[in-house]
Amino acid sequence: MLLGLPLLAAVTLSSQSQDPPPPPPPAPAPASRVLATRAGQPPVIDGRADDAVWREAQPITGFQEWRPSEGDPPKLPTEAKIAYDAANLYVFVRAFDPHPDSIITVLARRDYFTPSDMIWLFLDSYHDRRTGYEFGVNPSGVKLDAQVYNDGNEDFAWDAVWDVATRFDSLGWTAEFRIPVSQLRYGRQQHHTFGLTIDRDLYRYAQRVSWPLFRQSKAGFVSQFGEVDGFDDLEAPRRLEAAPYVVTKNVSEFTSTGIGRTQDIAGGGDLKYRVASNLTLDATVNPDFGQVEADPAVLNLTAFETFFKEQRPFFVQGAGIFRFDVNCTAVNDCSTGEGLVYSRRIGRAPQLAGTYSDTTSPAFTRIFGAGKLTGRLPGGLTIGVLDAVTQHVTGVGGVTIEPTSNYGVVRLRQDLRGGESSVGGIVTAVNRDNDAFTAPYLRRTAYVGGADFRHRFPGGRFEVSGSLDFSRVAGSAQAIDSTQREAVHYYQRPDAGLPYDPTRTSLSGDAEELQLSKVGGAHLLFQTGYQRRSAGFEINDLGYLQRADQQTWSTWMGYFDRHRRALYQRFQWNFNWWQFWTAAGLPEERAFNTNTHTTFNNTWSFHMGSTFGQLGETYCYSCARGGPAVRQDPYIAPWAGLNGDDRKAIVPYFWVNYWRGDGGRSHSLNLMPEVDFKLASRVTAAIIPNYTRASNEVQPLGPVTDTTIVPHVTRYVFAHLEQKQLGVTLRFTYPFTASATLQVYAQPFVSKGTYSNVQKLSPTPRAADFARRYEQDTVLADNPGGFNYKQFRSNVVFRWEYRPGSTLFVVWSQGRLGSTGVEGTRGFGGDLNDLFDLRPDNGFLVKLSYWINR
């Protein structure tokens, strides 16, 4: 059963001509089940169909268009064949094209999404209709692969060892795949049935076709796969894979007397052990992630921590199994990254380097070792177990700036009703070996437990889901006092009515969520949901959370037209409404948003929308940085974007965002143009400037306590801020071959501003009149200062997969950083010149890994 529907009956399909015929009369639906052919002799992987097995194999020809118009006939025919032996799965795909010289292709590095024709294989080897694998290739032989989980979520950090060959000829192009079954998961039985979808992207026609037909109007993806039967007597997968590595690094070393160089050579490795056919243990010892791209530069003037995406391969691979979101809805699109597992906590920079004024500490804490056990049992139980240990780091004078720490996660999810429903649970734990240096600042233990469920109603269109979480952190009174006073909680707010207690040695909290969604349908989808987090909910030792003490109700509705029309090929119109309150019921936000997204027939696309926020009486809990709530005025935030035709050699993009609030006293404008280049179907490059000009009438400067007065008086200080910001992201990729590439990433960044008109919060911060909320602050008014923050980050990476699974990296990374307390008088050109006069922090790395399969 696929999505509750019977498998489509097999029919005899006639061959298609190279030129599309007139629309045919209604015909029986194409087959969604085929039989794999056992290969007596393995085919040579060369992109040719001259092997004996390809003459014997049953052809698959029933491809249909799924984008832009669901169910339409394809522009060009496609044919596929499936074969296997005990150790490998073989697939041959013929992509017919009467004009092979017009096929769009780009040579690029592995796992890079190229604007080109593609052939994709989607495999559900375990045949659970929930999980699977993707293997894609473009005509130049560029490979992409990914894992699929939860019936449609993709993990492109997963890398398998497999082969593919492509070839152009007079009929179009071909792709011939060899996928070792050792890279897949399947049961112990003698006879196997795999789920399968084959997808072709005809890029110059902006058309995607698939067998069987993938319906966007239905929920789920893996559950729509066809079936391939006939896999008998597959070999037991090899149990052990190892990738030992050796790395040598030469990096800048900052000391109290200046800057020098340090040379280091180290070894480590990754291990994959198949505990059973459906359970895998992944381990890493002394990992080094020096080849990973640097984080983008940012100047954060908010009260909340900046979220950076995880990019380290060990933690990205399989991350979907451990995912447990918090504050994730269709309205915010989960863009905040909030959840119970944020793996960047593991191995982060020593947390107390700033506390103890240590400028010589490493950028990352060494991970001694980490392990993951992941898999799926025959009864539908998905298992994920993660554990990692990081080293004890000392700074100048032997001061501990990061204690030895252990991080652990156990995640379970049980599918019911063939994957239409599920229940799950998670437990996370952090334990630190605190000492006298760390105990006052870091929590000793942090435990979080959660349960979630999902139920899709019969018919597959409606779904209800929810979760319940509990947290408890413990440590010294000073550490828990600091936790209560952090921006996540702000227990000290004088008007919040929260039980702030500086003598506590533990803090507990809870979170709840319930959502109702329409997840299937030809045109209309929606989601409405309620979420609540208590003031004491704390998950930031291993998770990521910006805000506790909040309840929200949000509703999203989207109208989709997925059929080609006279003017466009895709159209979407969204409507959003959301409301925020504190857990005690203080209104914080009421907002409405609408936005549209149109892809025209020439593949240009236009996007526009606007938010109307802080409607009615709302208050800001964090503006006073721990002070009383402040009344807010409505704002408007329109935006628009234009994307060019990425089939061309030069592709333009342009996005603009505008915000206006505080009765017109505050406003900002953000411009982000972009130009992408493709040269000779090989070199790709992008230039992405990002310019912001902002004027904020009440930028928080933080609380200031006057100790000359008894009792002490705390003033909550604000100032007018004029800020300008410019960042330019540059990317360049040159592939020598599909397995050897040179990548360059660089980002100069400047943010500068000047404060003026210093004010403090008045005794009436909730006044309806803006002027009554603030009053002049004479103490700081004469010299409020400003800032000029400059940063440059770059990576140059040569990557060569010199044999399947074995890689050589040569990396040069550089960072420059400077900051002053005044904006300065120079323009952006002068600031950028000054940036390159700053002291560089250079790092050079050579890393060699070797894949072993036993």
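The values are calculated or read from the model by the stated rules, or taken from the named source; none is laboratory data. Computed from a prediction, not measured in an experiment: that's the story for all the values here. When we count neighbours, we look across all protein chains shown, and the Cβ atoms used for this are built from the backbone with ideal geometry, even at glycine. For accessibility, only protein heavy atoms count, side chains too; no ligands or nucleic acids. Shrake-Rupley method; radii C 1.70, N 1.55, O 1.52, S 1.80 Å.
Results, tabulated for the structure shown:
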quantity: Residues of segment 101-143 classified as among the aromatic types (F, W, Y), touching a helix residue (DSSP H, G or I) at 6+ places or on another chain (Cβ under 9 Å) and open to solvent by 40 Å² or more (accessible area, probe 1.4 Å), total; calculated: 0
quantity: Residue under evaluation L352, criteria (1) open to solvent by 20 Å² or more (accessible area, probe 1.4 Å); (2) in contact (Cβ under 8 Å) with a residue 40 or more places away in the chain; (3) among the hydrophobic types (A, V, I, L, M, F, W, C), criterion not met; calculated: (1)
quantity: Selected residue [within 19 Å of A294 (Cα to Cα) and outside any loop (DSSP other than H, G, I, E, B)] from R344, R348; calculated: R344
quantity: Among residues of segment 561-578, those that are open to solvent by 30 Å² or more (accessible area, probe 1.4 Å) and either in contact with a helix residue (DSSP H, G or I) (Cβ under 7 Å, 6 or more places away or on another chain) or over 25 Å from R533 (Cβ atoms) (or both), counted; calculated: 11
quantity: Residue count, segment 510-522 (criterion: without any contact (Cβ under 8 Å) to a residue 60 or more places away in the chain and over 27 Å from the mean Cα position of the chain (by Cα)); calculated: 0
quantity: Filtered residue count, segment 613-630, keeping only those that are open to solvent by 20 Å² or more (accessible area, probe 1.4 Å) and either under 24 Å from F575 (Cα atoms) or aliphatic (A, V, I, L, M) (or both); calculated: 4
quantity: Scan of segment 634-650 for residues that are surrounded by fewer than 18 Cβ atoms within 10 Å (Cβ to Cβ) and either more than 24 Å from the chain's Cα centre (by Cα) or β-branched (V, I, T) (or both), ordered by number; calculated: P634, I636, A637, P638, D645, R647, K648, A649, I650
quantity: Filter result (polar (S, T, N, Q), surrounded by 21 or more Cβ atoms within 10 Å (Cβ to Cβ) and in a strand (DSSP E or B)) within segment 144-202; calculated: Q147, T166, T174, T197
quantity: Any pair with Cβ under 7 angstrom, 6 or more apart, that starts in segment 472-488 at a residue that is within 21 Å of F304 (Cα to Cα) and modelled with pLDDT of 95 or more and ends at one that is among the aliphatic types (A, V, I, L, M) and part of a strand (DSSP E or B); calculated: V473/A446; V473/L507; I480/L507; T483/V473; T483/L507; Q484/L507
quantity: Filtered residue count, segment 62-91, keeping only those that are without any contact (Cβ under 8 Å) to a residue 60 or more places away in the chain and open to solvent by less than 50 Å² (accessible area, probe 1.4 Å); calculated: 3
quantity: Residues of segment 137-153 satisfying the condition of being under 24 Å from G419 (Cβ atoms) and touching a residue at least 60 places away in the same chain (Cβ under 8 Å); calculated: Q147, V148, Y149, N150, D151, G152, N153
quantity: Test: F214 is in a strand (DSSP E or B), open to solvent by 20 Å² or more (accessible area, probe 1.4 Å), in contact (Cβ under 8 Å) with a residue 60 or more places away in the chain and in contact with a helix residue (DSSP H, G or I) (Cβ under 8 Å, 6 or more places away or on another chain); calculated: no
quantity: Yes/no for G661 being at pLDDT 95 or above, among the small types (G, A, S) and within 25 Å of S116 (Cα to Cα); calculated: no
quantity: Residue identified as among the basic types (K, R) and open to solvent by 40 Å² or more (accessible area, probe 1.4 Å) among R461, R432; calculated: R461
quantity: Residues satisfying the stated conditions in segment 656-672, i.e. part of a strand (DSSP E or B) and in contact (Cβ under 8 Å) with a residue 40 or more places away in the chain; calculated: G661
quantity: Top-ranked residue in segment 673-725 [being in a strand (DSSP E or B) and among the hydroxyl-bearing types (S, T, Y); ranked as farthest from R826 (Cα to Cα)]; calculated: T714
quantity: Residue list for segment 286-309, restricted to those being touching a Phe, Trp or Tyr at 6+ places or on another chain (Cβ under 8 Å) and at pLDDT 90 or above; calculated: N286, P287, E305, F307
quantity: Counted residues, segment 285-310 - those being open to solvent by 50 Å² or more (accessible area, probe 1.4 Å), part of a loop (DSSP other than H, G, I, E, B) and more than 30 Å from A624 (Cβ to Cβ); calculated: 2
quantity: Selection count where residues are crowded, with 17+ Cβ neighbours inside 10 Å and either of a type in the set (G, A, S) or assigned to a strand (DSSP E or B) (or both), scope segment 395-405; calculated: 5
quantity: Residue check for T438: assigned to a strand (DSSP E or B) and either over 30 Å from L525 (Cα atoms) or β-branched (V, I, T) (or both); calculated: no
quantity: Any hit, segment 56-63, residues being under 32 Å from the mean Cα position of the chain (by Cα) and either of a type in the set (F, W, Y) or at pLDDT 95 or above (or both); calculated: yes
quantity: Filter result for the condition that a residue is open to solvent by less than 50 Å² (accessible area, probe 1.4 Å), in a loop (DSSP other than H, G, I, E, B) and hydroxyl-bearing (S, T, Y), over Y500, Y490; calculated: Y490
quantity: From the options L669, L701, residue that is modelled with pLDDT under 95 and out of contact with any Cys (no Cβ under 8 Å at 6 or more places or on another chain); calculated: L701
quantity: Lone qualifier among L514, L525 - being touching a Lys or Arg at 6+ places or on another chain (Cβ under 8 Å) and either modelled with pLDDT under 95 or outside any loop (DSSP other than H, G, I, E, B) (or both); calculated: L525
quantity: Tally of residues being open to solvent by less than 50 Å² (accessible area, probe 1.4 Å) and of a type in the set (A, V, I, L, M) across segment 705-732; calculated: 5
quantity: Pairs, first more than 30 Å from N278 (Cα to Cα) and in a loop (DSSP other than H, G, I, E, B) in segment 357-374, second open to solvent by less than 60 Å² (accessible area, probe 1.4 Å) and among the aromatic types (F, W, Y), C-beta under 7 Å, six or more apart; calculated: T359/F254; T360/F254
quantity: Qualifying residue in segment 408-429 (condition: open to solvent by less than 10 Å² (accessible area, probe 1.4 Å), in contact (Cβ under 8 Å) with a residue 12 or more places away in the chain, of a type in the set (K, R) and part of a strand (DSSP E or B)); calculated: yes
quantity: Residues of segment 595-627 satisfying the condition of being closer than 17 Å to V331 by Cα and of a type in the set (S, T, Y); calculated: T596, S610, T611
quantity: Qualifying residue in segment 651-660 (condition: out of contact with any His (no Cβ under 8 Å at 6 or more places or on another chain), closer than 30 Å to R110 by Cα and open to solvent by less than 30 Å² (accessible area, probe 1.4 Å)); calculated: yes
